[in-house]
Structures are given as structure tokens and as C-alpha cells.
Amino acid sequence: MPVLLCSECGREYDPSLPRWKCECGGLLDLSFLNSLEPRLLKNRAFNMWRYREVLPIDRDENIVSFQEGFTPLLKVLFGTRKIFIKQDHLFPSGSYKDRGASVLVSKIKELGIHHVVEDSSGNAGAAAAAYCAHASIACDIYVPEKTSPGKLIQIQSYGAHLYKIPGTREDTAAAVLQAAENTFYASHSWNPYFFQGTKTFSYEVCEQLGWKAPDTVILPVGNGTLFLGAYIGFRELQKRGILDAIPKMVGVQSAACAPLFEGYRQKKDIPIAIKPERTAAEGIAIANPVRGKQILNAVRKTGGSIVAVREEEILTGLSQMYKSGFYIEPTSGAAVAGIKKYLETAEKDEVIVSVFTGHGLKSGGKVYHE
Ligand SMILES: Cc1ncc(COP(=O)(O)O)c(C=O)c1O
Ligand SMILES: [Zn+2]
């Protein structure tokens, strides 16, 4: 039976009750390990719900889905190196956040909740708004005032109520916490069900590589919803004996907002407080990642690292991808810059997987040139 487990005090909660944090204020994780038989997948549809046994929704009728996922894993040339890039900008709402939203909104439906609040730098809000619309659940989204207009229009188009909060991303997080006192908080960073969705990234990558793990995975990281989800997925696959080893996990931050990079660089197990500056990589501009300790733990346990990339490196990476025909948003440009940085010291025959996390159409209104 799945159980919600506090990462601070160890208290357990029944997941059939609505709860997004422990009474002690600690983060909850979902303790859950079902079996998965790769050979049974042969005749299933190619979407993330093909891994149904490991997705913790009790009844199929509660699944909220657009048959998303199983995005292409394309080889993309970086100089002379071929890197596998998961095309997660091709999700229905235009970012990988749909993985998490599909499972989290399914769980919200299963709990019988009809109204939620969520805060976001834009993409998680758009994903929550899309899936809530699909399930007829009312949804209020809090975003920083300066979020890309494309994301704001998208959120409103789905029928969500949009609250534009002046100030930093942290001011937005504070505003939603107030709203969460009365309405269920469908948080992508607090709620463990979101990570149960993003873990399908790893299941797909491994299946697409013939049930093998890559040597290294390079992911943009702010709150770590993809990074930690991927870690959960790889660990589950290892525990079930499907994988022998877990890949090295490398996180990419913007140097303008790099609390995890600083924590890693200073060999600490928690992020270091920083003063955030503006960055084109708005999706990873998170000064206080609530799961920062877990992210640094995943880095250490997998022998990975965190790299920081400068603004000009992000824009150069973005521009290079545009010129190869990939239309991605600037935050994904950070991943490109991170790959290039990692390749400076990579082993010759390392199998490396990275990701395009958001679609370029979301960041409309600006032209990014080298
Ligand atoms: C396009 C894009 N990439 C990467 C991320 C990073 O996600 P996280 O902050 O959960 O690490 C986000 C988050 O909003 C995003 O929008
Ligand atoms: Zn607790």
C-alpha cells in the first residue's frame, strides 16, 4: 500500500486523505514500489500511462490524460558528439510538466477535490491549468508578474484564474501559501504525486535505450521536479532489477540564480542562499528550492554534479538549436549550454541523455540571437 512519508520526522499519512505537507511542516514523499514487467508492455499504447502499474492512481476512471508522453529520444550532434535528447517540449501544454500534472490532477480527481491553487514560473501553471480544465476542476494560478506573456495567455485560455504577483518568484510562492490555507495546494514542488509523474521520464529513456540506463543524464534544475522525478524513476528501475546501475545525474543552473550549484561547489548538503539576478532561463530561476537537500543528495548518490551556465552561454546554446530547427524556450537553452560544459570533461564513449523541457512558442515576443 502506498503511504505518504514525512522526510523530516518520519510520520506516515494515508494517501487517501488530501495532504501536501506534514504537520511538522516537512516535505512528504510517496513510499510506493509496485512491480513492472517490461515484457507486458508490448501491446500497450506509447504514452506515459503504459507504465500503469507504477503510477499510484487507484481507479482507471480517475486518470486525467491526453495520452501524453513517450516523447522521441533523438540523437543531436554537439560538435562531433551525439547526445540523446528527449523531446519533452512536445507535450500537449508544451513542457515536460504535463508528466507531473497528469498524475497529480488524476490524484486530485480521485480525492474528490474540485478547486485547487498552484504557483509557477509559468509552465507548471500552464500544465495544471490544462489538466484541471480537462477534468473540470477549478484552478487558480499564481505567477510572477514578469512571466513570459505566452505562458500567461496559455494559462488564461484554459480558463484558470491568473494572479500576477509583483516581485520575485519567492513573492509568488509566499502569495500562494496564503491562498493554500483555504484551497487545496496542487504544488508541483511540494506534492509528491507530481514526481510520480515526472519519474516516467526515466522509464521512457530506459525503454527507448533497450532497457538500459545511460551513463549520464543532464537536466535543467530549479525546484528539481524533473531532476528528482528522474532520480525516483531510475532508483525504482534499479530496485526492481531492471537496471544494474543508475546514471550519473548532472543538474544545470543559470549562474544568475544558482543556489544548488553553490551548495554543490561548497560541498554542502543544502543549497546556499543567493541573491537572484534576472536570467532568460526563467523556468529554473528558483532561489529557494524546497527540495534542495534532496536534489543535492541525488547528485551525491549518483556521482553527478551541478554546473552553472552564464547568460551568454544560454543564449548561444539556444541560438544553435534554433539554427538546427529545434524551437525550444530559453530555459532549455540552459540545458544545451550545460551539455557543452559537461562535454569539456566527459569520457569518450559515455552515453549521455539530456532534454528539451519547454517549447519555443511559449517565450514569444523576443528574438534570441547570438
Ligand atoms: C522549461 C522548463 N525547464 C526546466 C524547468 C525546471 O524545473 P524545476 O524547477 O522543477 O527543476 C522548468 C520549470 O518551470 C521549466 O519551465
Ligand atoms: Zn513531519
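Miscellaneous remarks
- Residue in region 303-324 that is of a type outside the set (Ser, Thr, Tyr), free of Cβ contacts under 8 Å to residues at least 40 places away in the same chain and within 16 Å of ligand 2 (Cβ to nearest atom) present: no
- Matching strands (runs of 3 or more DSSP E) fully within region 1-96 where at least 1 residues are more than 30 Å from residue 158 (Cα to Cα) and open to solvent by 70 Å² or more (accessible area, probe 1.4 Å): 73-78, 81-86
- Looking only at residues of region 171-185 that are out of contact with any helix residue (DSSP H, G or I) (no Cβ under 9 Å at 6 or more places or on another chain) and open to solvent by less than 50 Å² (accessible area, probe 1.4 Å), we find that the one that is farthest from residue 259 (Cα to Cα) is 183.
- Tallying residues that are part of a helix (DSSP H, G or I), open to solvent by 20 Å² or more (accessible area, probe 1.4 Å) and among the charged types (D, E, K, R) within region 103-145 yields 2.
- Subset of region 188-246 (residues that are open to solvent by 10 Å² or more (accessible area, probe 1.4 Å) and β-branched (Val, Ile, Thr)): 232, 242, 246
- Positions within region 22-76 being aromatic (Phe, Trp, Tyr), under 17 Å from residue 108 (Cβ atoms) and in contact with a Leu (Cβ under 8 Å, 6 or more places away or on another chain), in sequence order: 49
- Tally, over region 82-117, of residues that are in contact (Cβ under 8 Å) with a residue 40 or more places away in the chain, in the same structural domain as residue 327 (by TED's automatic domain parsing) and more than 16 Å from ligand 1 (Cβ to nearest atom): 2
- Being within 12 Å of ligand 1 (Cβ to nearest atom), in contact (Cβ under 8 Å) with a residue 12 or more places away in the chain and farther than 27 Å from residue 165 by Cα is a description that does not apply to residue 209.
- Here residue 192 clears all of (1) in contact with a strand residue (DSSP E or B) (Cβ under 9 Å, 6 or more places away or on another chain); (2) away from ligand 2 (no atom under 16 Å from the Cβ); (3) in contact (Cβ under 8 Å) with a residue 12 or more places away in the chain except the condition numbered (2).
The values are calculated or read from the model by the stated rules, or taken from the named source; none is laboratory data. Bear in mind the structure is a predicted one, so any value in this text is a computation, not a measurement. Reconstructed Cβ throughout: ideal geometry from the backbone, glycine too, with neighbour counts over all protein chains shown. Each accessible area value is taken on the protein alone, full model and side chains, heavy atoms only, with ligands, DNA and RNA left out. Shrake-Rupley method; radii C 1.70, N 1.55, O 1.52, S 1.80 Å.
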